Amino acid sequence: MSRSPRRIIIDTDPGQDDAIAILVAVASREVEVDAITTVAGNVPQPLVTDNALSLLALAGRQDIRVYRGCERPLLRPLYTAEYVHGPSGVDGADLPDPTVGVHSTHAVDLIVDTCLASDDGMVTLCPLGPLTNIAMAIAKEPAIVPKIAEILWMGGAFDEPGNTTEVAEFNAYVDPHAAHVVFTSGVPLTIFPLDVTHKALMFPRHVEALADHATPVADAAAGMIRFYEKYDIDKYEIEGAPMHDPCVIAYCIDPTLFSGTPHHVLVDTTHEETIGNTYIDDSAGEANATVITDVDAERFFDLVVQRIGSL
């Protein structure tokens, strides 16, 4: 018997790897995308919101509503990553103009309202960027905590060096205070840090397999990846781009692709030289997160290429 689709809200700051994650999600029957909420991160608002709307237009999924979220982190100035993603955030593809508008409800209110209207443990939140919207929703209405089945977050770095500072991954660095709120919320949390996403490298053969589908969606996805990979190939002297955010969606579809271990995870919010550093201290308390550390990369990329190629 097939299981019911997993209900998810994708909280995102597109971003080429966010774009790939969104395309995989809307192509997959195993998940039901209740909404897409946007947060300033890779590029500012309203670019991230426009990018989400354009991606849904590209995929023909204008039925999925987009909700504009927070403009800046909780306490720190916004730090963005145009140096990786280009001025638009999704350079490398000419995406169509949005065909529908953003919903008038704020993203934080959408998250709260969706959770409160659901049975306990029914909503999965998939934040692919800074955790600002998620933290704000939990702070605004703690009653949503039992409604959330799990938070699946792409962020952090443990044994792997940071990609923004020596110790901090981008999403954790942009809003470490939001990460602290989520880590201490009591919601079941699974973290996809650089330790695993740097094992999910999209090599040229994967990009070519994607481009071979020769559809408008596959062409746009391949173009975005070819732009996005340049930064990591140069910085890390690797052969392909890490697909950070698609790991979250792939886990929703097939958790057997990944493995990890429960730990008590903390984030530095106080020392400027180490702010955003995520670290494990199991002596500090019970496990509050499962930290994913391994991926079956070939099966992962088979999934990514097949799903996007089906659009």
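Every number here is computed from the coordinates shown, using simple stated rules; none is lab data. Given the structure is predicted, the values throughout are model-derived calculations rather than measurements. When we count neighbours, we look across all protein chains shown, and the Cβ atoms used for this are built from the backbone with ideal geometry, even at glycine.
Using the Cα centre of the chain as the reference point, and only Cβ charges (+1 on K/R, -1 on D/E), how large is the resulting charge dipole? Debye, rounded to the nearest 20.
820
Can you give me the Rg/Rh ratio for region 65-202, using Cα atoms for both radii and the Kirkwood formula for Rh?
0.98
So if the hydrodynamic radius of the chain is defined as the Kirkwood radius over C-alpha pairs, what does Stokes-Einstein give as its diffusion coefficient at 37 °C and 0.692 mPa s, in µm² per second?
173
At 222 nm, what value in deg cm²/dmol follows for the chain if DSSP H runs of at least 4 each add -39500 (n - 2.57) and the sum is divided by all its residues, to the nearest 500?
Dividing the helical sum by the residues of the chain leaves -10500 deg cm²/dmol.
Give the order of 136, 154 when sorted by the count of other beta carbons within 10 angstrom, beginning with the fewest.
With the sparsest Cβ surroundings first, the list reads 136, 154.
How many angstrom separate the Cα center of region 18-48 from the Cα center of region 197-215?
19
Spelling out what I want: for every residue of region 194-211, take phi, set θ = phi - 60°, compute 6.51 cos²θ - 1.76 cosθ + 1.60 (Karplus), and round to whole Hz; glycine and proline get x.
4, 4, 9, 5, 6, 9, 9, 8, 8, 6, x, 5, 5, 5, 5, 4, 5, 4
Starting from the Cα-Cα distance between residue 71 and residue 3, subtract it from 0.36 nm times their residue separation and give me the gain in nm to one decimal.
So the extension gain works out to 20.8 nm.
Pick from 161, 242, 130: which is most flexible by mean-square fluctuation in a GNM of the chain where alpha carbon atoms under 10 Å apart are linked?
Answer for the Gaussian network model of the chain: 161.
Could you work out how far the C-alpha centroid of region 93-130 sits from that of region 170-191, in angstrom?
What the calculation gives is 18 Å, centre to centre.
Of 70, 126, how do they rank once you tally other Cβ atoms within 10 Å and put the fewest first?
Ranking 70, 126 by Cβ neighbours within 10 Å, fewest first, gives 70, 126.
Take the Cα pairs of region 67-137, get the Kirkwood Rh, then feed it into Stokes-Einstein at 25 °C and 0.890 mPa s and tell me D in µm²/s.
Value of D from the Cα-based Kirkwood radius: 167 µm²/s.
Given a Förster distance of 22 Å, report the FRET efficiency between residue 113 and residue 184 from their Cβ-Cβ distance, rounded to the nearest 0.05.
Given R0 = 22 Å and the Cβ-Cβ separation, E is 0.40.
Fewest first, what order do 253, 8 take by the number of other Cβ atoms within 10 Å?
Going from sparsest to densest Cβ surroundings: 253, 8.
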